[in-house]
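The values are calculated or read from the model by the stated rules, or taken from the named source; none is laboratory data. Since we're looking at a predicted model, the values are computed, not measured. Virtual Cβ from ideal backbone geometry, glycine too; neighbours counted across all protein chains shown. Keep in mind that these areas ignore ligands, DNA and RNA; they rest on the heavy atoms of the full protein, side chains included. Shrake-Rupley method; radii C 1.70, N 1.55, O 1.52, S 1.80 Å.
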Amino acid sequence: MEDVSDPPFRAVCKQGGADLMYTEFISSEGLIRAAAKSRQKLDVFDYERPIGIQLFGSDVETMGECARISTEAGPDLIDINYGCPVKQVACRGAGAALLRDIPKMVQMTAAVVQATHLPVTVKTRLGWDDTTKNVEEVAERLQDIGIEALTVHGRTRVQMYKGEADWRLIAAIKNNPRIKIPIFGNGDIDSPQKAVEYKNRYGVDGVMIGRAAIGYPWIFREVKHYAATGELLAPPTVEERVQACRFHFEKSLEWKGPRAGIFEMRRHYAQYFRGLEGARQWRTRLVDSNDPAEIHAIMDEIIAAEPVLVA
């Protein structure tokens with residue numbers, strides 16, 4: 001969720017019913033160098049709580065120091081990313097690369113746990129590839145050194161985001177009598193039905209939703225309503241879509257300033273209006289505009305046009 005799960009995005013997800021959120025992952029090396037982008041990612045706000053700061057890196061000592069710096073930013077917990085599969089991260093010995101060096105992963109996690117008074121959680125994957133699915137060992141060893149929850153994405157690093165997530169190993173961890181910490185599942189949760197089905201079938205303590213929330217923050221309230229009642233909520237109206245997009249846009253301007261706020265919001269328009277009649281036209285106009293007033297006016301036009309859902 002790099003360049004996605006920033007404070008403006010988290011604001012709309014919180015409105016949509018998210019219970020726990022994490023920052024974009026923050027490079028430990030960048031934070032130590034006081035890189036502006038890394039420092040800005042430490043911004044957390046009271047309306048987001050509970051909120052975790054997520055760190056990644058390849059050096060044990062640096063990760064410990066970053067945990068201390070992150071603790072001072074006032075989050076509710078610290079999360080370590082051992083799951084990112086992208087080449088720029090994994091090939092530098094961070095993210096999912098640590099699945100190939102469990103002793104170093106343990107050492108790094110211990111350094112983070114010792115550096116903060118906050119709860120420490122971990123997100124990881126099943127393993128590096130199909131021949132090294134070692135997440136059961138990972139779960140036991142990381143619990144033993146003090147992490148307080150574990151989230152597992154049901155794919156290996158080699159799979160990236162292809163194929164179907166396999167939750168069977170996640171269930172095996174949860175069913176392990178040695179495991180006492182909460183276990184959360186992640187991967188392919190894109191509907192209320194699937195969220196509830198997977199939680200019940202695999203026995204996890206909760207589910208983590210990432211990509212399915214992009215442009216659709218209502219998925220959180222829909223999942224919670226379905227879990228409580230067994231009934232599906234009606235999809236968001238056109239006006240609700242526009243209101244959420246407008247709120248996201250305003251938060252983007254507020255946090256990033258007009259230039260970056262307008263530019264970085266462009267990646268979200270297609271998702272907010274996906275499936276609406278004329279969506280491509282609306283998206284093109286929104287992306288082509290550099291004027292906040294004009295963007296607001298276009299959103300007003302979308303409401304007035306009352307486009308129907310065609311897909």
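Odds and ends about this structure:
- Residues in the stretch 101-122 that are closer than 17 Å to G83 by Cα, out of contact with any Leu (no Cβ under 8 Å at 6 or more places or on another chain) and not in a helix (DSSP H, G or I): D101 only.
- The stretch 242-299, subset assigned to a loop (DSSP other than H, G, I, E, B) and open to solvent by less than 30 Å² (accessible area, probe 1.4 Å), residue nearest to V310 (Cα to Cα): G275
Residue-wise test of (1) within 24 Å of P182 (Cα to Cα); (2) free of Cβ contacts under 8 Å to residues at least 24 places away in the same chain; (3) charged (D, E, K, R); (4) out of contact with any Phe, Trp or Tyr (no Cβ under 9 Å at 6 or more places or on another chain).
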{"site": "E48", "(1), (2), (3), (4)": "yes, no, yes, yes"}
{"site": "G52", "(1), (2), (3), (4)": "yes, no, no, no"}
{"site": "E72", "(1), (2), (3), (4)": "no, yes, yes, yes"}
{"site": "N81", "(1), (2), (3), (4)": "yes, no, no, no"}
{"site": "K87", "(1), (2), (3), (4)": "no, yes, yes, yes"}
{"site": "R92", "(1), (2), (3), (4)": "no, no, yes, yes"}
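- Here the stretch 141-158 is the region considered, the condition is being open to solvent by 50 Å² or more (accessible area, probe 1.4 Å) and not β-branched (V, I, T), and the residue that is farthest from G185 (Cα to Cα) is D144.
- Summed over the stretch 166-190, residues that are open to solvent by less than 40 Å² (accessible area, probe 1.4 Å), of a type outside the set (V, I, T) and in contact with a Leu (Cβ under 9 Å, 6 or more places away or on another chain) total 2.
- Members of the stretch 191-211 that are at pLDDT below 95 and open to solvent by 30 Å² or more (accessible area, probe 1.4 Å): R211
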